[in-house]
1. Arrange the residues Ser89, Ser461 by how much accessible surface each exposes, largest first, with a 1.4 angstrom probe.
2. Consider all pairwise Cα distances in the stretch 263-316 and report the whole-number % of them above 12 Å.
3. Given a 1.4 Å probe and the protein chains all in place, what does the accessible area of Leu239 round to, in Å² to the nearest 10?
4. Running Debye on the stretch 232-361 with equal point scatterers at the Cα sites and no solvent, what base-10 log of I(q)/I(0) appears at q = 0.12, 0.15 Å⁻¹?
5. If you place +1 on the Cβ of every Lys and Arg and -1 on the Cβ of every Asp and Glu, how big does the dipole about the Cα centre of the stretch 229-301 come out, in debye to the nearest 20?
6. Return the distance in nm (one decimal) between the two label points of a simple spin-label model at Ser449 and Ser89, each offset 7 Å from Cα along Cα→Cβ.
7. Under a 1.4 Å probe, what is the accessible area of the stretch 267-321 per residue, stated in Å²?
8. Can you give the % of DSSP beta bridges in the stretch 247-333 that are antiparallel, to the nearest 5?
Amino acid sequence: MAEASRILHTTLIPNFSTPTHKTPCCSPRSLSHPTTSHYYSRRTTTLVRCSISTAGDAARTATAANSTIPWGCDVDSLENASALQKWLSDSGLPPQKMAIERVEVGERGLVALKNIRKGEKLLFLPPSLFITADSDWSCAEAGEVLKRNGVPDWPLLATYLISEASLMKSSRWSNYISALPRQPYSLLYCKPCILGFFPTASLCHFRTRSELDKYLEASQIRERAIERINNVTGTYNDLRLRIFSQYPDLFPEEVFNMETFKWSFGILFSRLVRLPSMDGRVALVPWADMLNHSCEVDTFLDYDKSSKGVVFTTDRPYQPGEQVFISYGKKSNGELLLSYGFVPREGTNPRDSVQLSLSLKKSDKCYKEKFEALRRHGLSASQCYPVQITGWPLELMAYAYLAVSPPSMNGKFDEMAAAASNKTTSKKDIRYPEIEEQALQFILDSCESSISKYSKFIQQSGSMDLDVTSPKQLNRKLFLKQLAVDICTSERRILFRSQYILRRKLRDIRSGELKALNLFDGFRKLFK
């Protein structure tokens with residue numbers, strides 16, 4: 001697995017030109033079934049949504065709900081590991097000090113075969129073993145169509161992965177694809193709910209919208225999960241409408257459908273890596289993507305120009321039999337759950353954060369003016385800001401100033417809104433001492449409101465009715481419940497710390513005001 005969340009910049013699939021001809025191609029094998037609707041696609045800093053639906057969507061959804069991905073293996077399986085290692089060695093991977101084994105953290109990982117020193121460079125995968133947007137397609141015509149229509153890297157790579165997987169042994173990547181998980185650990189990989197066309201999570205995650213609402217109701221990661229799911233389903237539907245339906249010989253619907261796209265995007269989210277030394281190119285890097293994450297290491301994958309391969313430099317020594325780790329990036333526990341399907345132990349992730357929701361009060365006499373100021377700077381009446389154990393961003397404080405500011409400060413509304421936005425380079429560290437106390441109290445109230453939601457969920461989680469009879473289903477539900485409790489406990493911990501800091505700040509302000517008042521009363525009595 002490799003760093004992914006920070007590299008998915010928003011990408012909007014452009015309006016593709018209407019094709020004037022259809023080109024026959026190699027015939028991929030019949031696999032699974034198509035599914036649903038919605039459109040949401042991405043481009044850097046641009047967001048577009050619209051709705052697409054067809055008469056056949058409900059039928060497709062019902063059919064796809066029972067389909068499975070025919071390639072790959074179980075997430076903890078080693079059945080294809082030796083074939084992958086042999087293929088990589090035959091293809092140019094130098095002898096390694098690590099091997100794929102079952103591990104306690106991550107189910108599969110790379111384990112040291114020999115002593116590994118701190119500062120040692122490992123891997124050395126050549127570019128010929130990467131999958132990038134420039135990789136050659138086994139079905140060259142399909143790749144040409146997508147590139148001619150300007151499809152961005154992420155959906156292009158997702159389509160490429162499906163195309164190569166569908167060819168089974170005919171693809172040069174077959175040994176790699178057969179070693180990929182059939183059901184990626186991601187909140188994205190999902191099976192659709194027939195009612196509402198809502199795709200949800202995998203074997204160990206959320207299968208229905210009601211499960212997502214039930215288990216993640218207290219965490220803001222729920223909204224992120226919904227957004228990501230909508231993004232992927234919308235991207236697929238846009239491709240289906242504009243390209244796949246126009247070239248059915250190249251992109252048969254029994255191969256290129258919602259189910260296979262959820263699988264391919266699940267693989268990308270959990271395994272795609274950005275290589276800074278290759279101009280930020282994104283790539284799937286076989287073998288290297290078997291490395292698991294640890295919050296205690298800072299080393300990451302990159303291209304080494306001198307050795308001409310992907311490497312990472314260890315920041316600690318490893319003994320034979322120890323699992324070797326890298327960092328997936330400075331991510332919160334919620335982001336790790338969203339992309340990779342796990343939550344680090346409470347207190348072990350120094351980059352953990354929680355999204356705190358703040359909202360203007362509609363009863364505010366200046367609600368309309370404040371809302372307009374926010375809108376001018378790309379914000380809405382309700383905003384979420386990341387809060388860490390060490391504090392909160394300046395933008396959050398600026399939003400709080402705006403929320404509590406009286407009508408007499410209407411000349412400052414635009415300045416506050418600008419500082420509350422992360423889309424501006426204007427000064428963010430603004431101070432308004434006259435409303436400092438009210439702003440801190442506003443943040444504290446929002447913080448305590450969130451804490452109560454987390455506490456309610458955690459208290460109720462002990463008595464949740466799992467309502468299952470199958471042992472396998474019970475295990476999935478118990479695991480799902482534990483993930484939800486872990487993320488809520490982790491995020492509540494940060495809010496508790498913020499609550500403590502806010503109360504101390506308010507106490508200091510109020511005690512200072514009381515001292516000043518007492519001093520003033522003393523002077524008044526003296527002069528009497």
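1. Ranked from most to least accessible, the order is Ser89, Ser461.
2. Result: 69 percent of Cα pairs exceed 12 Å.
3. The accessible area comes out at roughly 0 Å².
4. With no solvent term, the Cα-only Debye profile gives -0.68, -0.91.
5. Here the size comes out at about 140 debye.
6. According to this spin-label approximation, the distance is 6.1 nm.
7. Accessible area per residue: 36 Å².
8. Around 75 percent of the beta bridges assigned by DSSP in the stretch 247-333 are antiparallel ones.
The values are calculated or read from the model by the stated rules, or taken from the named source; none is laboratory data. These numbers come from a predicted model, not from an experiment. Every residue, glycine as well, gets a Cβ built from its backbone with ideal geometry; the counts of neighbours run over all protein chains shown. Ligands, DNA and RNA are excluded from the accessible area calculation, which covers all protein heavy atoms including side chains. Shrake-Rupley method; radii C 1.70, N 1.55, O 1.52, S 1.80 Å.
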